[in-house]
1. If you take the residues of region 15-45 that are at positive phi and at pLDDT 95 or above, which of them is nearest to the chain's Cα centre (by Cα)?
2. Taking the residues in region 1-46 that are among the hydroxyl-bearing types (Ser, Thr, Tyr) and in contact with a strand residue (DSSP E or B) (Cβ under 9 Å, 6 or more places away or on another chain) as candidates, determine which candidate is surrounded by the fewest Cβ atoms within 10 Å (Cβ to Cβ).
3. Does region 47-56 hold any residues that are open to solvent by 50 Å² or more (accessible area, probe 1.4 Å) and either acidic (Asp, Glu) or touching a strand residue (DSSP E or B) at 6+ places or on another chain (Cβ under 7 Å) (or both), and which are they?
4. Take the residues in region 101-131 that are acidic (Asp, Glu) and over 23 Å from Lys68 (Cα atoms); name whichever of them is surrounded by the fewest Cβ atoms within 10 Å (Cβ to Cβ).
5. Which pairs do you get when a residue that is more than 12 Å from Phe32 (Cα to Cα), found in region 62-77, comes within reach of a residue that is open to solvent by less than 20 Å² (accessible area, probe 1.4 Å) and hydroxyl-bearing (Ser, Thr, Tyr), reach meaning Cβ atoms under 8 angstrom, with the pair 6+ apart or on two chains?
6. Does region 66-91 hold any residues that are acidic (Asp, Glu), open to solvent by 40 Å² or more (accessible area, probe 1.4 Å) and in a loop (DSSP other than H, G, I, E, B), and which are they?
7. Among (1) in contact with a strand residue (DSSP E or B) (Cβ under 9 Å, 6 or more places away or on another chain); (2) closer than 26 Å to Ile19 by Cα; (3) in a loop (DSSP other than H, G, I, E, B); (4) open to solvent by 60 Å² or more (accessible area, probe 1.4 Å), there is one condition Ala94 misses while meeting the rest; what is its number?
Amino acid sequence: LDKDGYPAIRPPWGTLNAIDLNTGEYVWTKVFGTYPELEAKGIPQTGSESYGGPVITASGLLFIAGTKDKKFRVYNKTNGDLVWETSLPAAGFATPSTYQVDGRQYVVVACGGTKLGAEKGDSYVAFALPD
């Protein structure tokens, strides 16, 4: 780490990658995660450590939290384009789960924080997918 506690290598410091399991080749790579305090200083997205994997729905949406920046993101699994993101009450260092009730699909993530010095949390946040 450098004197300010950031990785002592050139960014990106974290990426989200799709790999073709038949060939082993990268299909796409996206910088993943932010340091909001660096963005506030005009430093573009650097990527960050991530703890917690994605869940992918049959419709081709990839849901992932896992970063200290408290973001929950949704990507197009085919090309890696960011479809939507929102802020969570605490960092979601967990793999989301999906479930269905009365034909409606939901995605839920645990928001507990504490890893990497993140603020502690104690909630689960669920999102209903559009019909």
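The values are calculated or read from the model by the stated rules, or taken from the named source; none is laboratory data. Because the structure is predicted, anything quoted here is derived from the model rather than measured. For neighbour counting, all protein chains shown are included, and Cβ atoms are generated from backbone atoms with ideal geometry for every residue, glycine included. Just the protein is used for accessible areas: all its heavy atoms, side chains included, with ligands, DNA and RNA removed. Shrake-Rupley method; radii C 1.70, N 1.55, O 1.52, S 1.80 Å.
1. Gly33
2. Tyr26
3. Listed by number, the residues that qualify are Glu49, Pro54, Ile56.
4. Step by step, filter region 101-131, then rank; the result is Asp102.
5. Leu62/Tyr75; Phe63/Thr57
6. Selection gives Asp81 alone.
7. The single condition Ala94 does not satisfy is (4).
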